[in-house]
1. Just name the residue that is nearest to the ligand (Cβ to nearest atom) out of those in region 67-82 that are among the polar types (S, T, N, Q) and assigned to a loop (DSSP other than H, G, I, E, B).
2. From the list ARG100, ARG183, pick out the single residue that is over 20 Å from GLY245 (Cα atoms) and not acidic (Asp, Glu).
3. Could you list, in sequence order, the residues of region 46-66 that are more than 16 Å from the ligand (Cβ to nearest atom) and among the charged types (D, E, K, R)?
4. Going through region 87-104 one residue at a time, which ones are of a type in the set (Val, Ile, Thr) and either assigned to a helix (DSSP H, G or I) or touching an Asp or Glu at 6+ places or on another chain (Cβ under 8 Å) (or both)?
5. Any idea which residue in region 92-115 is nearest to the ligand (Cβ to nearest atom), counting only those that are surrounded by fewer than 21 Cβ atoms within 10 Å (Cβ to Cβ) and without any contact (Cβ under 8 Å) to a residue 60 or more places away in the chain?
6. Would you call PHE240 under 20 Å from the mean Cα position of the chain (by Cα) and within 24 Å of LYS200 (Cα to Cα)?
7. Tell me, please, whether a residue that is away from the ligand (no atom under 11 Å from the Cβ), part of a helix (DSSP H, G or I), of a type outside the set (D, E, K, R) and surrounded by fewer than 24 Cβ atoms within 10 Å (Cβ to Cβ) can be found in region 172-187.
8. Looking only at region 323-338, decide whether some residue is among the small types (Gly, Ala, Ser), within 30 Å of ASN415 (Cβ to Cβ) and touching a Gly at 6+ places or on another chain (Cβ under 6 Å).
Amino acid sequence: MEPGMEPYRVKSVEEIPFLTAKERKDAILKADFNPYRMLASNITIDLITDSGFSAMSTKQWSAMMLGDESYAGSASFERYQSAVQDITGYKYVLPAHQGRACEKVLFNALVTEGSVIVNNNHYDSTKTNISLNKGIALDIAMVTDDTADFPGNMDIDKLKKVLEEKGEEIPLVMITVTNNKMRGQPVSMANIKAASYVCKAHGIPFILDGCRFAENSWFIKEREDGYGDMTPREIAKEMFSYADGCMISAKKDANSTMGGVLAMNSEDLYDQCVPYVIATEGHTTYGGLSGRDLEAVAVGLYEVLDESYLRYRRANLKFFEEELISQGVPGVFPAGGHAIYLNANKLCPKIPADEFPGLTFAGLLYIESGVRCLDIGSFSPNASDLIRLAVPRRVYTTEHLKYVARMIARVAEKNKDRETGLTMTRSRTKSAQYKHVTGSFKMKEDM
Ligand code: F0G
C-alpha cells in the first residue's frame, strides 16, 4: 500500500549523484568492496545507516541560528535540558556528542573489571565500551521470531535468574529500544515494565538505550493493548518512567545530525558521571556539542514524537517492505522500525559462507544501482549473512524506495546462480566486531 503523502513539503533540495555502471565499478574497486570506504559523492541512494543522516526541519535550522556558544551556562543548554526533562521525565541531564559518548561516560562511572551488564541486545559500540572498562556484556533477548508483536523483548525469566545468580556483579541493566541488533524490532511496554520491577526488587539501576524511542513508542501504540488512544509522547513518557535513566543517540530519534543525551533520576549517578563528561566531552552544559547542536536536538526531540511524522515514517518503511515482498526478495519480515534486513544466503545461495555473500550482494547492488547498504552478517555469529538497508528519517521518498526495491529484485535475479564471492585481503583490526568496517576485499571472479 502506498504510504500516502509526506507530512512535510520540500524547501531545500540536495542533488543525488548518478554515475555510469563503469564509474560505479571503478568506485567500488577503489574502496576494496568495503561500503564504509566508499565516497558518499559516488552514492545514489545511501542506506548504510539511519544515524545522523536525517533531514532536519526548518524549525531545527532556525533554532540553530539561536545557538548560544557560551562555554558554561548557555541558553541553548537550558533549552536542550528542558526538552529532555519534559520528554523523558528525568531530572538530571548531561549532553554528550553522540550515543557512544554517553555509553563511555556511564560505563566509566559504573563498570569495573568483571562487571556484567545485561541488555536485551547490546549495540556494537555499547559492547565495546563495556569491554574497554573490562566488563562483560550479556545479551538476554527473548528467543522468538519476527512475526511476534514485539520480537525485540528481553527474556524476563533469564533476567530474574541472572540477577539472582550474579546480582553483586551487575551495576546496571539496560533495554535497547528498538532492539537494533534484533533487526530494529520493538520492545513492549509490558516487557519494559517487567524488567523495571525485577531490577527494582534487586536494587539495580535500569537504563534505557533509547536511540529509537519514538519508533518504539509507535509500535506500542499500534500493537499493544491499551495504548491505541495514547499519543506517542505519552507512551514515550511512560516508557521512560519505568527506567532510572536513559542514553539516547540524538542522531537517530531526535532527527539531528549530531548529539547525545544522558539523563537520570539519581543525583548520585549524575555526580558520578560529571567528571567523565568534563574529562572527555567538555563542560556539563555543552558536552562535546556546539550550542547549535543542542538547539537542533531540543527541537528534534519533539518533532520525532509528532503523530503525523511517525505515522508516515512507519508507512514509508512498511511500503518498502511490501515492495520487496511483492517482488519475491527474501528478507526478515515483518521488518522492524528503522531498517529492512535481507538474507544474503537466500539471495545468493551458491556463494560459500566464507566468501561473504552479504558483502558480495551489497557490492553487486551498488554496481547495478548506486545503492549503498551494509552487510552485517559475515562477522556476526547470529546474523547469518544479513544485509541491512537502513532508512534515514525524512530523506527518501516512496519513489526512491521503489527504485531500491526494483534494483534489489533485479540483482537477486541476475545472481541467483552466482557461485563465487569475495576474499578478504586485509583488515586493520583484530576485533571481529570492526573487521567489516576496516577490511579490504577482492572479487574471486569478475562481477
Ligand atoms: N545504541 C544503539 C542501539 C545504536 O543503534 C547506536 C548506533 C548507538 C547506541 C551508538 O550511537 O552512533 O550516536 O554513537 N547505531 C548506528 C547504526 C550507528 O548504524 O545502527 P552513536
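The values are calculated or read from the model by the stated rules, or taken from the named source; none is laboratory data. Just so we're clear, the structure is a prediction, and the values are computed from it rather than from any experiment. Reconstructed Cβ throughout: ideal geometry from the backbone, glycine too, with neighbour counts over all protein chains shown.
1. Within region 67-82, the match that is nearest to the ligand (Cβ to nearest atom) is SER74.
2. ARG183
3. LYS59, the sole residue that qualifies.
4. ILE87, THR88, listed by residue number.
5. My answer is SER115.
6. Considered against the rule, which asks whether it is under 20 Å from the mean Cα position of the chain (by Cα) and within 24 Å of LYS200 (Cα to Cα), PHE240 comes out as yes.
7. no
8. Yes, there is a match, as at least one residue in region 323-338 is among the small types (Gly, Ala, Ser), within 30 Å of ASN415 (Cβ to Cβ) and touching a Gly at 6+ places or on another chain (Cβ under 6 Å).
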